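For reference, the structure discussed in these notes is given below.
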Amino acid sequence: MGAGFVSGQELTQFFAAFGGYGLLGMVAAVLILLTLSCLVIKIARQTGIIEFEQIIVRKEKPWLRAIFGGVFIFFLFGVVVVMTAGAGALLNQVFGLPKIWGNAFMAVCLAILGLWEAKGGAERIPDHSPLPDTGSDDHRRLVILHL
């Protein structure tokens, strides 16, 4: 969950501290995240909008888009920092390499990806989405239940 931001073990440890209700809370949190992600993907497909801030803030309100953009960039920066640190720790634990090498490797990979001008995720979603846009809503619900 969160592209390396939180592992399944960390989620389980956090929610398990609250017993059965905590595990139900974890399931609810995952379902809410899945539902909201699917809604954003559906809106992106239907409207052709690929900028996340335009999907969330539909009206032309520059100040609101600026606030949303700032929060979004801050969150993404945090994810990149955690992923980079995680790569260093993983290579250290698995191969015994210095953590800085793993950090540098991940930073180089991210820089190449950024310089490569990788297209937005919304353009690749039809090819890689586990929830196809074809078929009825009932079909999509069955697909979700089988995942």
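A short reminder: the numbers here are calculations on the coordinates, not readings from a lab. Given the structure is predicted, the values throughout are model-derived calculations rather than measurements. Cβ sites come from the backbone with ideal geometry, for glycine too, and all protein chains shown count toward neighbours.
Looking across the stretch 35-61, just one residue is exposed (fewer than 11 other Cβ atoms within 10 Å of the Cβ) and among the small types (Gly, Ala, Ser), and that is GLY48.
For the criterion of being out of contact with any helix residue (DSSP H, G or I) (no Cβ under 6 Å at 6 or more places or on another chain) and on the phi > 0 side of the Ramachandran plot, GLY78 fails.
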